[in-house]
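Encoded as structure tokens, the structure appears first; notes follow it.
The values are calculated or read from the model by the stated rules, or taken from the named source; none is laboratory data. Only a predicted model underlies this, so the values are computations on that prediction, with no experimental measurement involved. Neighbour counts are summed over all protein chains in view; Cβ atoms, including those assigned to glycine, are modelled from backbone coordinates with ideal geometry. All accessible areas refer to the heavy atoms of the entire protein, side chains included, with ligands and DNA or RNA removed. Shrake-Rupley method; radii C 1.70, N 1.55, O 1.52, S 1.80 Å.
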Amino acid sequence: MKDILWRAADKLRGSLDAAAYKHFVLGLVFLKYVSAAMAERRRQLEAELRAEGGWEEAGLLATLEERREYTGSGVYYVPPAARWESVVDLARGTGGGAGIGEAIDSAMRAIEGYNPALLGTLPKIYGDSSVDGRRLADLVELLDRVVFQEQAGGPGAPDVVGEVYEFFLARFAASEGRRGGDFFTPASVVRLLVEVLGPREGERVYDPACGSGGMFVQTAHSVRTHGGDWLNVAFYGQERNATTWRLAHMNLAVHGIEAGLGIGPADVFRDDRYPDLKAQVALAAPPFNLSDWGGDFLAMDRRWVYGTPPVNNANYAWLQHTVSKLAPGGRAGVVLANGSMSSRQSGEGDIRRAMLEADLVACVIALPGQLFRTTAIPACVWLLTDGKGRGSGWARERGGEVLFVDARELGFMADRTLRGLTDEEIVRIGDRVRAWRGEPGAGTYEDQPGFCASVPLSAIAEQDFVLTPGRYVGTAEAAADPDAEPPDARVARLTALLREQFAESERLAKAVDAQLRRVS
């Protein structure tokens, strides 16, 4: 059904490109959500009031329109003229003529006016003279019709709308190509991070590059799946892109998640909105090999405990910033380009060594190629923890060791260009990490040639502190390995590796050229 909805919505796009069109669609999905959530709360409230008895009809109806009855329950109040039903009626009544766009913009302003937490986050673009009113009215009717079909016998309306919003985010990210990576991290990568870190009820969860908030949505889902109360998780995030920051607000709202996202978009390196925050869990999938991160102006920053990151690559700035946010015993997962595991340029090798000798690195996971539609650069996951082998309850018995997981051969081709990890593969990696940490009930950890190995720091030092898992896990016996890499997968992986080396070569060439310019 979602694919049908997407294709239908895409047909209504007209001449708008995907980057602009997503704000029209996602804004309407949000409007649908807040209206549905309020309607659901209104039905509950009305039933409660009638059960109490003693109400005159006029008084009861007036109470049903009191804003505090909704905001006190974590539901946004939507004034009558701004409700989805009113917008749908207008779309049908005007036939897409003048007024539908202005009415939606007015609805967005009204919702912001009654709900200060949303101020400045909702799109007011529908009344633009370039917007085709007929297409806009058709889009409103399409979203109204399909979502109601899904409700029959299924989950509640807010849950359905949340799923639709997340689905549209993913499809728009795919349509936008490289730019889509600014606001959306592939679902299997997000699920893997949450699986291996295991955030729990009562913890503070932080994402310094939160994009559209997907890490928080998956965290809430995981806590709920494991029997916890996700409403008792404190979420903190920061995002530097203004439009992405607004998307995050709407995405979290349609999933019922309250999160601190700062008073506006901001660069986490130059304007840290949570300088005193200490979180039990930190998750991040920042831009790979970010070169214009402002390193020229941050050489003396107190976050660089293990060494000043190079000005032309932010990988080790992300790692150290994330570590600076960990509470005692906290844990973090950061997705970076593979080059971070072995690079020695501009002091990165020295920083990596210092972090290893401080026993911050718990695990390194090499991911399959083609997981990101936005880039061909292979990626890995760094798992970090404070107090490993000492005060950390997360990896208490693993001081002086690092777990390496080589997951490059896992995954399946979701389409011609994009690979994904199956739920079973994500759980398989999570099980190995849990067993290695000694989590009760996770079983006994054993190295698995070709897949995982626990390696002492002394052996890593012999490899000059290079963290590429392939150096440590060895190879599985081909005859005993029914899952040996097929030829097409090997070609795809090697192609991705070659592209990564091309990209690294280009980056180094630019760095050398910059140095030459400085001395010439």
For the chain, calculated [θ]222 nm from helices alone, where every DSSP H run of n ≥ 4 adds -39500 (n - 2.57): -14500 deg cm²/dmol
With labels modelled as points extended 7 Å from the Cα through the Cβ direction, what inter-label distance (nm, one decimal) is found for D229 paired with A414? 3.4
Here D for the range 248-331, in µm²/s, from Stokes-Einstein with a Kirkwood Rh over Cα pairs at 20 °C and 1.002 mPa s, works out to 151
For a quick check of your reading of the filter: which GluC sites (Glu not before Pro) in the range 34-90 sit in a DSSP loop and have no more than 15 other Cβ atoms within 10 Å? E56, E65, E66
Of all accessible heavy-atom area on the chain, the percent that carbon and sulfur account for (1.4 Å): 50
For H249, H221, give the ranking by accessible area with the largest first, probe 1.4 Å. H221, H249
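Express the accessible area of the chain per residue in Å², computed with a 1.4 Å probe while the remaining protein chains stay in the model.
44
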Chain lengthening between R517 and W55 when straightened (0.36 nm per residue, less Cα-Cα): 158.3 nm
How far apart, in nm, are two points set 7 Å out from the Cα along the Cα-to-Cβ line at E201 and at L497? 4.6
Taking the Cα centre as origin and putting +1 on Lys and Arg beta-carbons and -1 on Asp and Glu beta-carbons, what dipole magnitude results for the chain, to the nearest 20 debye? 940
Work through the residues other than D464 whose Cβ is under 12 Å from its Cβ and net out their charges, Lys, Arg +1 and Asp, Glu -1. +2
Formal net charge of residues neighbouring R191 (Cβ-Cβ distance under 13 Å; K, R +1; D, E -1): -4
For T63 and T422, extending 7 Å from Cα along the Cα-Cβ vector and measuring point to point gives, in nm, a value of 5.5
Ratio of alpha-carbon Rg to the 2.2 N^0.38 Å globular estimate for the chain, to two decimals, please. 1.05
Cross-chain or 8 or more residues apart, Cα under 26 Å: how many lysine pairs in the chain fit that? Count them up, please. 13
